[in-house]
1. Failed condition for residue A:31, given (1) in contact with a Leu (Cβ under 6 Å, 6 or more places away or on another chain); (2) part of a loop (DSSP other than H, G, I, E, B), with all others met?
2. State the number of residues belonging to the stretch A:4-39 that are within 19 Å of residue A:133 (Cα to Cα), open to solvent by less than 60 Å² (accessible area, probe 1.4 Å) and more than 12 Å from DNA strand B (Cβ to nearest atom).
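The values are calculated or read from the model by the stated rules, or taken from the named source; none is laboratory data. Model, not experiment: these values are computed from the prediction. Cβ sites come from the backbone with ideal geometry, for glycine too, and all protein chains shown count toward neighbours. We work out accessible area using only protein heavy atoms, side chains counted, and drop any ligands, DNA or RNA first. Shrake-Rupley method; radii C 1.70, N 1.55, O 1.52, S 1.80 Å.
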Amino acid sequence: MVGTNHRRSRTKFTEDQLKILINTFNQKPYPGYATKQKLALEINTEESRIQIWFQNRRARFGFQKTPGPKTLESSQSHGQDQPYMELQSREARRCRTIYSTSQLRTLIEAFMKNPYPGIDCREQLAKEIGVPESRVQIWFQNRRSRFHLQRKREVVSLEPEDQGKISEGLQGAEDTQNGTNFPSNSHSSRARTW
DNA sequence: GCCCTAACCTATTCAACAA
DNA sequence: TTGTTGAATAGGTTAGGGC
């Protein structure tokens, strides 16, 4: 087993921090990277924590991305009417991270050992390849998703009798690009003990 | 023990970039 | 133009911590 699978410890936002976050959310429920960076500086936290906070907030308050017949009940309950309009002029995303060959090699090796690294492992990897921990987390998310997708396609393209064989062998399934081993029941069991 | 919510997950889409 | 892949999203689950 590589590293621990601990989660990051919970961030406890202060009242002042929350006031700033909520105020920004009411104006911009989909802030761009620059806004998130600015917020991170303002309330002295990481940009990735801001991103998660906005994700959770949108989920919790059922925010509608496009104006429709439904009203924005929850956001309105915060005493603001808003906040679709700025969606039309979407703010810039974070710049794409370009990984070098050696950085990718390190990430792929780590993925083969453990596709669900905990915070300690991600931080160690981030330090090793010199990128923020949040980028490592996103890389693993994308990698897992694409692995699942690829495996689905392989199963669909097989004859029914071969599908049985594949599902038996899923435990040792290989990523055709990189030879990545990936257990089959990642989400259903959530047994991230490897 | 319940509730709230940060952390984390998959699935999907958007978009930058190389071939 | 197309394929690859990093970034962002929706929607869901897990788990820490306050009550």
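1. (1)
2. 2
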